[in-house]
1. Can you find, among ALA50, ALA310, VAL90, the residue farthest towards the positive end of the dipole of the chain? Put +1 on the C-beta of Lys and Arg, -1 on that of Asp and Glu.
2. Over the range 215-313, what relative contact order in percent results from Cα pairs under 8 Å that are six or more residues apart?
3. How would THR34, THR216 line up by accessible area, probe 1.4 Å, largest first?
4. How big is Rg to Rh over the range 300-450, alpha-carbon atoms, Rh as the Kirkwood inverse-mean-distance radius?
5. Excluding THR103 itself, what net charge comes from residues whose Cβ is under 14 Å from its Cβ, given Lys and Arg +1 and Asp and Glu -1?
6. Find the percent of Cα-Cα distances in the range 260-370 that exceed 24 Å, and round it to a whole number.
7. Could you provide, to the nearest whole Å², the per residue accessible area of the range 310-462 with probe 1.4 Å?
8. Among residues other than PHE435 whose Cβ falls under 15 Å from its Cβ, what is the net charge (Lys/Arg +1, Asp/Glu -1)?
Amino acid sequence: MSTITAPTYDPTSTAQALAQKATASAQSALTTDTTTAKAVATALSKLGSAISTFQNSLSTLTGTGKTLLSQSATLSDSTYGSASASGRAVAGTYDFFVSQVATAGQAKYSNLTDTSGASGASGTLRVKAGSGSFEVDLGQAAGDATLTVRELAAAINNASGNAGKVSASVVTFGTNTQLVLNSTQTGEASTVSLDLTDVAAGTLKSALGDPANVSTTTPRDAIVWVGGKSGTQVKQPSNTFTNVDGLAVTFSKAQLDTEANLTVTVKTDNSGTAANVKSFVDAYNSLKKTLDGLVASANADTGTAAGAFASDAGVLALQARLVTLLRPAGGGSTLASFGIAAQRDGTLALDTTRLDKQLALQPDGLDRLLGSTSAGNTSGIAGALDTYLDQWSGISGQLKQRTDANGKQQTALTKRQTDLDSKYNTAYDRYLKQFTALQTLQSTMNSNVSLFDALFSSDKSS
């Protein structure tokens, strides 16, 4: 008899191959669906980020009180201060005369030493700042038994009630150490002082409470004549004056009575305006390019795959609607008339020469055309774009709805994968058992054949 020559099997690899074949079709479809869902999630995130960035840019440029127009302001003598203007400022010249600048309150406590707090450095020190005050726990302020002047200054600066109202510093002249308190505000009300009522009696209280050691600087309000010497007197705590709409002038020193008025010249800043318009153009182009990539068709020549939303009617409608909103209905001025023109690929480009010419003819035309994204008062192209995009970026907008739906789909796909893995494992276990049994049977039969051969061979030899 000869050995059985039936095919032999490796139970493990055979079981794997058959289990994979049994689930291959379902796994292929599931892998495709999972890959698509992940691509959609990534695309939704990318689209949401692009829309958010664009809307933030619109808000920065055309939000409440904003204007694309840029104005420059120049003070006739910069040694007296500085000036700045927003787009609301009207071009022209404005006169000012500075009689007095605002100053901050100050209190100096001299002849202090680090042994001043050697005894009695306990209790509560109250720091008065203007009409308010805050407390310093001297017991907690001391690093050891002695409260140094620097520890006291640090405790004042770090006190929870200070909140930046008072700045404490230490100044030393030879053996004379001073604790200097400065109000961080200016104006007559910015006085600063120490209340020692609740400080325990001792060397610290004596040193800080000695009138000979204390000197104060009386704070003052600023006094400026808006319109020049013959104009209107304005008295205020701050050195920055905003009485002229869109104009802010900060003065650093007072004038002599014999000096001439200071003049602020406001004029259109074409380069600044162009920079603002360029920001709008760049923001739109960034959103446009993101959308174009997401809805792009596959290109066999370049091997480029289709965008995640190539067949999505909603996103395609979004892409088209943005282009339409750039062309306001009703005639009149257009973006192109201000040098903002569409290119062949749909992006925008800015012609600054044309922009400057049109602004010379219509100084407020660009702001009226682009309008405002101010909540409850939207207008123009920017308002229309922002309102439409809210349908996508809002709390219950398209992006939220799509993201939720895709999330549910991914959860379902994960469950399908778990079920399919279980089906694979069941098939694998079944095939492994079957082919292991077959392998055992084949081995047993071969052993029996060998046994019979040995027996019959012995008979023939005898």
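1. Sorting the options by dipole projection puts first ALA310.
2. Averaging sequence separation for qualifying contacts and normalising by length gives 12 percent for the range 215-313.
3. Order by accessible area, largest first: THR216, THR34.
4. Across the range 300-450, the Cα-based Rg/Rh ratio is 1.45.
5. +1
6. Tail fraction, whole percent: 42.
7. So the range 310-462 comes to 61 Å² accessible per residue, rounded to a whole number.
8. With Lys, Arg at +1 and Asp, Glu at -1, the neighbours total +1.
The values are calculated or read from the model by the stated rules, or taken from the named source; none is laboratory data. Bear in mind the structure is a predicted one, so any value in this text is a computation, not a measurement. Don't worry about glycine lacking a Cβ; one is built from the backbone with ideal geometry, like all the others, and counts go over all protein chains shown. Just so you know, the surface numbers come from the protein's heavy atoms only, side chains and all, with ligands and any DNA or RNA stripped out. Shrake-Rupley method; radii C 1.70, N 1.55, O 1.52, S 1.80 Å.
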